[in-house]
Amino acid sequence: TIRFIQREDTISVEVDVTNTGNCAGKEVVQVYCEAPQGRLGKPARSLCVFSKTPVLQPGECTRLTLAFSFYTFASYDDEGVTGTANAYVLEPGQYRFYAGANVRNASQVGEISVDACTVLRTHTAAMEPVQAFKRMHPVATDSGYRISYTPVPTRTIDLSARIAYNLPKPVPYTGVQDIQLNDVAEGRAKMEDFIAQLDEEQLCCLVRGEGMCSPRVTPGTAGAFGGVTDELRALGIPVACCADGPSGIRMDCGTHALALPVGTCIACTFNESLTQQLFACLGLELRKNKIDTILGPGMNLHRHVLNGRNFEYFSEDPILTGKMAAAELHGLHQCGVTGTIKHFACNNQEYHRNDVDAIVSQRALRELYLKGFEIAVREGGAYCIMSSYNKINGIHTASNYDLLTTILRGEWGYTGLVMTDWWAKGNFEGEPDARTCMAAQIRAQNDLYMVARDAGANTNGDDSHAMLKAGRVTLAEYQRSAVNICRNLLKMPAFARLCGKTDEIDAIVEQFAVEDNNEIFAAQHIDAVPGKAELFCNDFLPGQSGDILFEIAAGIPGEWTLFLHMCAETEQNLSQTALSVFYNRNLLSTMTLAGNESPEQKITLSLGAVHNPAFYIRFHHTGGIKIIQATIQRSENTHL
């Protein structure tokens, strides 16, 4: 039984689903739209909405109600061929709707008639191509369709003028630092008054994240942001922790974490409820490990089968992508943590991903590549977004004002923060790109550059101070990003931890930690920037097993070697003791000593090439071993 209901600008489809088989199971119902080709041209059918039944026993029936708005199947006219440029429109004609378990066996359930071109939403031109190209149009003929080609409209405005017109107003610097971030949280002060305390140096530090494996947060995680200097922490700005994902937590120090299904597998379920439950469990694991956001879900479309990140992403369909991402976010938000949706946008290949330029029309962007992100923001409540490595129409996404301000914040109402992918590039339009080009990113409202080894020392050598002095960017733009960062830190567990506040999730997590007996390793921070350092292993106790974790600050890339001098320390001649050595999560070697008569051993272990500014060495011992000396050293002859 199917009911098709139209109410103003929404449609509802009520479907009764019966299990006619011999086993219990679930089924998905999908609703598709077949739109008239009109002047714009449309896909044969496009997904509008879907829903999954609960488990149905043989013979059991359930009713699903699937509702969606006209906006879901509207077309974006970036040329004005329908009479209105830069608008979502419904062209005149018959719109037929189909429901079924998939697009191939869906049956028509209803239709609506549009008498004249109807404008649903109007926007300003944004992210127009600057390189001319042609796109295909299907044209109906008596014998079917033929393909015609029309030019795509390119940019006719001065983008820099648009940015300058919309510059934020500066908050006058007070120079008095007597307001804590908690005063803002408790309503004793306004965020603008808090930000007014920050001088130029503090603002430039606040927009830098640290990592990988920052000593300020949970060992083995991807990065830290917020209170990354003593001066910022003194104002009550917490240090938030982000861990790589999206299929579970990546812990490079060796701490165990659950592996989750990849995005494509999750999307195949069409099950929003189950996905939400799964990511609520991940939320508990994030809280246990003091991680505030996981870098995921991945949301780019399966545009090409050779995109090396397809396994992370959900689908070739923007509706399915957005709905599944929203479900993941709802699950994480139940536990007070969040996901950093990525890679915004058009990350369509891994090869030369830092340099590739996606040449794409406004229509394709809005109907396809941005649609899933829009759903994650509007319906999923996303408040952390990661920009991608690539350019779109000549401008890196991390410094793309139209992407991050005009569309994301202006049209979608986004109030969260945006961070770069790790070591991403930026550029002013028409100018060379570089990892040091932070000013262009701040101007676009990419709030956080990820990552620097030391935010306070500006180890990446970004151009913030130079561009402020030159007038290419204003202090008000840095203040705007500071507001975005601090406003979202207030939502994160890091802020509650700093203030000593707990909730019911903390009690659940504490019990969770006791039951699985998988405590987080405490890391000793070792400064090996000069190229050599001693590891202190006094925690090795005879008869006791355990782990000792060292975070090695490496500084520059190089070839590293670990030198061990050890002996057995047990009264039993025939006992065997073992020592396993891990580099990050990789086992380097396991060595066995047999009793107190075993001779001292000197072991040399090569770590090979290390590119990250920090890495981990972990010793797992079974007890009865004494490490006389452990030294980590970088080769003097390296060309990395």
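Can you give the FRET efficiency to the nearest 0.05 for Q633 and L258, using r as the Cβ-Cβ distance and R₀ = 41 Å? E between Q633 and L258, to the nearest 0.05, is 0.70.
Largest accessible area first, the residues Y414, Y583 order themselves as Y583, Y414 under a 1.4 Å probe with ligands, DNA and RNA left out.
By average Cβ neighbour count within 10 Å, what is the ranking of 416-425, 310-319 from highest down?
Peptide ranking by packing, descending: 416-425, 310-319.
Note that region 246-259 has calculated 3J(HN,Hα) couplings of x, 9, x, 7, 8, 10, 6, 8, x, 4, 6, 8, 6, 8 Hz, one per residue in order, obtained from phi through the Karplus relation 6.51 cos²θ - 1.76 cosθ + 1.60 (θ = phi - 60°); glycine and proline are x.
Over the chain, what is the mean sequence separation of C-alpha contacts under 8 Å (at least six apart), divided by residue count, expressed as relative contact order in percent? The value is 10 percent. In 10 Å bins starting at 0, how do the alpha-carbon pair distances of region 184-271 split up by percent? So the P(r) values, bin by bin, are 15, 33, 25, 19, 8, 0. Taking a ≥ b ≥ c as the square roots of the Cα gyration tensor eigenvalues, with a/c under 1.5 meaning rounded and otherwise prolate when a/b beats b/c, else oblate, which class fits region 444-494? The shape class here is oblate. The string of couplings for region 20-28 from the Karplus curve (6.51, -1.76, 1.60, θ = phi - 60°) is 9, x, 9, 10, 5, x, 10, 9, 9 Hz, one whole number per residue in order, with x for Gly and Pro.
Find the centroid of the Cα atoms in region 474-508 and in region 180-239, then give the distance between the two in whole Å. Centre-to-centre distance over Cα atoms comes out at 8 Å.
For the chain, carbon and sulfur atoms together expose 50% of the accessible surface, with a 1.4 angstrom probe and every protein chain in place.
Would you rank L198, L490 by solvent-accessible area, highest first, keeping every protein chain in place and using a 1.4 Å probe?
I get L490, L198, largest accessible area first.
Kirkwood radius for region 274-353, taken over all pairs of different Cα atoms as the inverse mean of 1/r, rounds to 13.0 Å. The gain in end-to-end length when the K190 to E504 segment is fully stretched comes to 110.2 nm, 0.36 nm per residue minus the alpha carbon separation.
Take every Cα pair under 8 Å whose residues are at least 6 apart in sequence, average their separation, divide by the length of region 39-178, and the relative contact order is 17 percent.
How long is the gain from A101 to S143 if the chain were fully straight, where each residue apart is worth 0.36 nm and the alpha carbon distance is subtracted?
Separation in residues times 0.36 nm, less the Cα-Cα distance, equals 12.1 nm.
Coupling constants for region 37-48 follow from the phi torsions by the Karplus curve (6.51 cos²θ - 1.76 cosθ + 1.60, θ = phi - 60°), and in residue order they are 5, x, 8, 8, x, 9, x, 4, 8, 10, 5, 10 Hz; glycine and proline get x. For region 79-118, the list of chymotrypsin sites (Phe, Trp or Tyr not before Pro) that fall in a loop by DSSP and count at most 14 other C-beta atoms within 10 angstrom is empty. The alpha carbons of region 1-106 stretch over 55, 26, 19 Å along the principal axes, in descending order.
In the context of the full protein assembly, S545 retains an accessible surface of approximately 90 Å², using a probe radius of 1.4 Å and ignoring ligands and nucleic acids. Heavy-atom accessible area with a 1.4 Å probe sorts K52, K469, largest first, into K469, K52. Using only Cα atoms and rounding to the nearest 10 degrees, what angle (0 to 90) does helix 318-333 make with the longest principal axis of the chain? On a 0 to 90 degree scale, this one is about 40. With the Cα gyration tensor of region 329-383 giving a ≥ b ≥ c as the square roots of its eigenvalues, does the rule (a/c under 1.5 for rounded; else a/b larger than b/c for prolate; else oblate) give rounded, prolate or oblate? Taking the square roots of the gyration eigenvalues as a ≥ b ≥ c, region 329-383 is oblate. A crude spin-label estimate for the pair N586 and T84, with each label 7 Å from Cα along the Cβ direction, gives 5.8 nm. Taking 14 Å as the cut-off, the amide N atoms of region 206-249 that come nearer than this to a point 7 Å along the Cα-to-beta-carbon line of D183 belong to 234-237. With each label modelled as a point 7 angstrom along the Cα→C-beta vector, the K469-E8 pair spans 5.7 nm. Kirkwood radius for region 213-361, taken over all pairs of different Cα atoms as the inverse mean of 1/r, rounds to 16.2 Å.
The figure for Y383 is an accessible area of roughly 20 square angstrom, using a 1.4 Å probe on the protein chains alone.
Each peptide in 290-301, 142-153 receives the mean, over its residues, of other Cβ atoms within 10 Å, and ordering these scores from highest gives 290-301, 142-153. Under 5 Å from the amide H of E569 lie the amide H atoms of I625, K626, each residue being 5 or more positions distant or on a separate chain, with H modelled from the backbone and absent for Pro and chain starts. What the chain shows is 43 Å² of accessible area per residue, with the surface traced by a 1.4 Å probe over protein heavy atoms.
Only bridges whose two residues both fall in region 325-457 count here: according to DSSP, what percent of them are antiparallel, nearest 5? The partial results should precede the final answer.
Values: 3 of 11 bridges.
Here the antiparallel bridges make up roughly 25 percent for region 325-457.
The shape of region 118-199 can be summarised by an equivalent ellipsoid whose semi-axes, obtained from the alpha carbon gyration tensor, come to 53, 18, 10 Å from longest to shortest.
Between helix 504-516 and the chain there is an angle of about 50 degrees, using the helix long axis and the longest principal axis of the Cα atoms. Under the shape rule built on the C-alpha gyration tensor, where the axes satisfy a ≥ b ≥ c, region 73-125 is prolate, since a/c reaches at least 1.5 and a/b is greater than b/c.
Return the FRET efficiency for the residue pair T18, H525: r is the Cβ-Cβ distance, R0 is 60 Å, and the value is rounded to the nearest 0.05. Taking R0 as 60 Å, the efficiency between T18 and H525 is 0.45.
For L588, the amide hydrogen comes within under 5 Å of the amide hydrogens of V581, F582, Y583, counting only partners 5 or more places away or on other chains and with H modelled in the peptide plane. Counting every pair of alpha carbons in the chain, the share spaced more than 35 Å apart comes to 49 percent.
Note on L56: accessible area is roughly 10 Å² with a 1.4 Å probe, heavy atoms of protein only.
Please compute the length gained on full extension between L490 and K602, using 0.36 nm multiplied by the number of residues separating them and subtracting their Cα-Cα distance.
35.3 nm
The values are calculated or read from the model by the stated rules, or taken from the named source; none is laboratory data. Here the structure is a predicted model, which means the values were calculated and not measured. Glycine also receives a Cβ, built like all others from the backbone with ideal geometry; neighbour counts cover every protein chain displayed. Each accessible area value is taken on the protein alone, full model and side chains, heavy atoms only, with ligands, DNA and RNA left out. Shrake-Rupley method; radii C 1.70, N 1.55, O 1.52, S 1.80 Å.
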